[in-house]
Amino acid sequence: MPTPADPLPDSPAATAASGPCPVCSAPSLTPLFRARDVPVHVGLQWPTEAAARSCPRGDIDLAACNDCGFITNIAFDPELMAYEGSYENSLHFSPLFQEYAKELAGHLIATYELNDKDIVEIGCGNGDFLALLVEEGGNRGLGFDPSAPETSPSSALRFVRDEYGIEQAGEPVDLICCRQALEHFPKPMEFLDTIRRTLGGRTETALFFEVPDFSFALRTMAVWDIVYEHCSNFGPGSLHRAFTESGFDVLALRSYFGDTFLGIEAKPHLPGRPAIDPPGDADRVAAEISSFTDRWPVKLGEWQERLNHIARSNRSAVLWGAGARAVTFCNLLDARPPIDHIVDLNPRKHGLYLAGGGQQIVAPEFLIDHPPDLVILTNGMYRDEIAAALEEMGVSAELAVA
């Protein structure tokens with residue numbers, strides 16, 4: 001594992017620029033970030049520490065398009081993405097996230113009059129959000145995901161344990177929803193083209209896509225948002241460009257969940273339909289990329305020194321949240337010691353081990369008998385929720401947002 005003195009991740013200057021851009025076909029890309037030998041799956045937890053440490057790994061070489069702002073991992077290898085075991089990345093155990101999901105479902109139902117309608121969700125996961133759309137609007141839902149539930153709870157909500165494809169052409173659909181999935185496609189334009197072709201002559205089917213806002217990661221130095229699975233990283237400009245180039249009218253483009261997510265609403269292009277203009281943020285994005293390139297090694301060094309100081313002082317620390325950011329944090333840094341456990345609300349993760357780092361995942365109640373000196377959060381959105389949980393358990397610990 002690295003130490004602050006190690007040049008890991010490597011200097012971005014060592015990353016070879018490449019091209020063309022997968023979104024706008026610009027001929028060259030600018031090096032941004034490099035990391036070696038990181039876990040390829042952030043949503044797989046492992047039954048033993050040894051299995052977690054020997055999980056499949058790959059390299060990250062992020063490069064940015066100066067024209068549209070799209071950021072891609074030019075070292076991404078789709079053959080490494082074979083899923084082994086149960087994939088678990090649901091955020092719905094958080095009350096804060098549940099509230100967000102309910103508000104978003106209500107917005108889509110009201111905006112697109114989704115009552116007694118047909119809804120498709122691509123990358124539905126456990127189906128929590130699709131179930132909300134079905135229940136709140138009296139709709140029919142069809143979810144596609146290789147890790148979807150094996151059984152369907154009702155005739156109104158069905159799952160297909162496969163990817164969405166051209167064979168869906170001609171099927172009735174009033175809304176296509178795709179949340180936190182587009183960033184997993186190394187060729188996002190091919191995927192959007194497939195969706196456009198399944199709709200044929202339909203012009204009123206609405207689309208809602210949600211992706212991590214990588215421009216937020218650039219602005220806030222959220223290095224932990226960088227994961228192998230996210231081979232395609234969007235900001236407002238590149239997301240708008242991708243949909244317009246794919247034959248859609250962009251109706252809305254908004255930030256969600258504390259500006260960490262981007263949501264785009266669109267319909268197949270119809271001449272004369274009002275659509276929003278592109279953000280025109282190319283200069284800002286270029287400045288953010290330049291700043292991020294200079295500053296991320298400093299942030300990693302500061303956090304490595306902080307962990308080293310805690311370990312030298314015989315103090316204890318835990319990381320709260322066993323999701324993608326935790327995997328990145330525990331693999332870009334030498335986190336053991338002091339971090340031997342990861343706290344998570346999701347009971348399906350308890351007793352398993354974090355990919356790469358090998359820390360055991362425990363329930364919050366673990367902290368009652370093993371109180372830490374420091375609780376580290378990799379997502380400040382949950383600070384109040386976690387502080388309240390610690391207070392309720394009688395656990396006094398410093399909270400720090402990485």
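Out of segment 305-402, which trypsin sites (Lys or Arg not before Pro) are coil in DSSP terms and have no more than 14 other C-beta atoms within 10 Å? Qualifying residues, ordered by number: 315.
Each residue of segment 41-50 was assigned a 3J(HN,Hα) from its phi angle through the Karplus curve 6.51 cos²θ - 1.76 cosθ + 1.60 (θ = phi - 60°); the sequence is 10, 9, x, 9, 9, 10, x, 9, 4, 4 Hz, with glycine and proline shown as x. Are there GluC sites (Glu not before Pro) in segment 153-188 that DSSP puts in a loop and that have at most 14 other Cβ atoms within 10 Å, and which ones? Hits after loop and neighbour filter: 163.
Computed from the Cα positions only, the extents of segment 118-235 along the three principal axes stand at 45, 31, 24 Å, in decreasing order.
Across the chain, Cα pairs under 8 Å and at least six residues apart give a relative contact order of 17 percent.
Which value results when the Cα radius of gyration for the chain is divided by 2.2 N^0.38 Å? All intermediate terms of the calculation are to be shown ahead of the outcome.
Working: Rg = 21.2 Å, N = 402, 2.2 N^0.38 = 21.5 Å.
Dividing the Cα radius of gyration by 2.2 N^0.38 Å gives 0.99.
Legend note: in the chain, cysteines whose Cβ sits 4.7 Å or more from every other cysteine Cβ are 55, 124, 177, 178, 231, 330.
Taking every pair of distinct Cα atoms and averaging 1/r, then inverting, what Kirkwood hydrodynamic radius in Å comes out for segment 166-229?
Details: mean 1/r = 0.0733 Å⁻¹.
Mean inverse Cα-Cα distance, inverted, gives 13.6 Å.
Adding -39500 (n - 2.57) for every DSSP H run of four residues or longer, then dividing by how many residues the chain holds, sets the calculated 222 nm ellipticity at -9000 deg cm²/dmol.
How much accessible area per residue does the chain have, in Å², with a 1.4 Å probe?
Working: 16670 Å² over 402 residues.
Per-residue accessible area for the chain comes out at 41 Å².
Can you give me the relative contact order of segment 258-402 as a percent, contacts being Cα pairs under 8 Å and 6 or more apart?
Details: 166 pairs, mean separation 27.8, N = 145.
Once divided by the residue count of segment 258-402, the mean separation gives 19 percent.
Using a 1.4 Å probe on the protein chains only, how many percent of the accessible area of the chain belongs to carbon and sulfur? Carbon with sulfur: 50 percent of the solvent-accessible area. Applying 1/(1 + (r/R0)^6) with r as the Cβ-Cβ distance of residue 277 and residue 111 and R0 = 25 angstrom yields a FRET efficiency of 0.80.
The values are calculated or read from the model by the stated rules, or taken from the named source; none is laboratory data. No experiment lies behind these values; they were computed from the predicted model shown. Counting neighbours? That spans all protein chains shown, and the Cβs are built from the backbone with ideal geometry, glycine included. In case anyone asks, the SASA skips ligands and DNA or RNA and just uses the protein heavy atoms, side chains included. Shrake-Rupley method; radii C 1.70, N 1.55, O 1.52, S 1.80 Å.
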